[in-house]
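Peer 1: Pasting a structure here, questions to come.
Where a number appears in this text, it was derived from the coordinates with a stated rule and is not lab data. Quantities reported herein were computed from a predicted structural model and do not represent experimental measurements. In this analysis, Cβ positions are derived from the backbone assuming ideal geometry, glycine residues included, and neighbour counts consider all displayed protein chains.
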Amino acid sequence: MTLALEPAAQDLLFREAHTANTFTDEPVSEEQVQAIYDLVKYAPTAFNQSPLRIVLVRSAEARERLVPHMAEGNQPKTASAPLVAILAADNEFHEELPTLFPHAPQIKDIFFGERGNREQAAALNASLQAGYFIVGVRAAGLAAGPMTGFDPAGVQKEFLDDDHTPLMVVNIGKPGEDAWKARLPRLDYEQVVTTV
């Protein structure tokens, strides 16, 4: 075997995992979300900056505020998912660097003193963490429906502040009836990987 991960886990996390479009009404508990975060917090980020911030949309009132900002095709599934997470990049992540990168606290000002540098780093590194978040949801035996089809300015205004940039919205829960579309093709190894 060339992979350390058992085949059943490979299937759960990758081969058999699909983006879910429908969900059952079984709730997603706070304990499940905590367990997911306790895995995904280990995603690698530059200087351990960890800029991902997560807003859990649980209440009916919050859901009513979110759904109008979703693309039309994403509105029904966002309205009916047991839990929705807004994944955002914290553009002021550098304030945590003295704690997260204690052996070189000067990094906070050397690399991230300018807002533009922070925004670029936050977007890239929080997106990396978002990928881990999706895998973490799958590891919890749940389905994820990640979406970038939404109005970022509207979501930011409704749920965040000027220091947080929304990256994606993820519906979370047990897959419902007809949750999956047919798997689309993927590129082969030879089409993607080169050796120099």
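Peer 1: State, to one decimal in nm, how far the label point of L184 lies from the label point of R15, with both points 7 Å from Cα in the Cβ direction.
Peer 2: Going by the 7 Å Cα→Cβ label model, 2.2 nm.
Peer 1: Comparing G173, G73, G136, which has the greatest mean-square fluctuation in the GNM of the chain with Cα pairs linked when under 10 Å apart?
Peer 2: Highest fluctuation among the options: G73.
Peer 1: Another one. Net charge near N171: determine it from the other residues with C-beta under 14 Å of the C-beta of N171, scoring Lys and Arg +1 and Asp and Glu -1.
Peer 2: Details: positive: R58, R63, K77, R138, K174; negative: D25, E26.
Value of the local net charge: +3.
Peer 1: What stretch of the chain, leaving out the sites themselves, is the longest with no GluC sites (Glu not before Pro) in a DSSP loop having at most 13 other Cβ atoms within 10 Å? Intermediate values should be presented prior to the final figure.
Peer 2: Working: sites that count: E16, E114, E177.
The longest uninterrupted stretch comes out as 17-113.
Peer 1: Report the convex hull volume per residue for the chain, counting only C-alpha atoms, in Å³.
Peer 2: Details: hull volume 33.3 nm³, N = 196.
It comes to 170 Å³ per residue, whole-number rounded.
Peer 1: Turning to a different aspect of this structure: Can you give the Rg and Dmax of segment 1-102 based on its C-alpha atoms, in angstrom?
Peer 2: So, for segment 1-102, Rg and Dmax equal 17.1, 50 Å respectively.
Peer 1: Using label points projected 7 Å from each Cα along Cα→Cβ, tell me how many nm separate E26 and A8, to one decimal.
Peer 2: The modelled label-to-label distance comes out at 1.6 nm.
Peer 1: Does a label point 7 Å from the Cα of R115, set along Cα-to-beta-carbon, have any residues of segment 64-90 with amide nitrogen under 20 Å, and which are they?
Peer 2: Taking a point 7 Å out along Cα→Cβ of R115, the residues of segment 64-90 whose backbone N falls under 20 Å are 88-90.
Peer 1: Once you charge only the Cβ atoms, +1 for Lys and Arg and -1 for Asp and Glu, what is the size of the charge dipole of the chain about its Cα centre, to the nearest 20 debye?
Peer 2: Its charge dipole is roughly 320 debye.
Peer 1: Taking only the alpha carbons of segment 92-196, what extent do you get along each of the three principal axes, in Å, biggest first?
Peer 2: Projected onto the principal axes, the Cα atoms of segment 92-196 cover 50, 48, 26 Å.
Peer 1: Distance between Cα centroids, segment 1-58 to segment 130-196: provide it in whole Å.
Peer 2: 10
Peer 1: Before rounding to the nearest 500, sum -39500 (n - 2.57) across all DSSP H runs of length at least 4 in the chain and divide by the residue total; then give [θ] at 222 nm in deg cm²/dmol.
Peer 2: Only helices count here, giving -10000 deg cm²/dmol.
Peer 1: What lysines does K174 reach when the alpha-carbon gap must be under 26 Å and sequence neighbours fewer than 8 apart in one chain are set aside?
Peer 2: Of all the lysines, those that pass the test against K174 - Cα under 26 Å, at least 8 places apart if same chain - are K41, K77.
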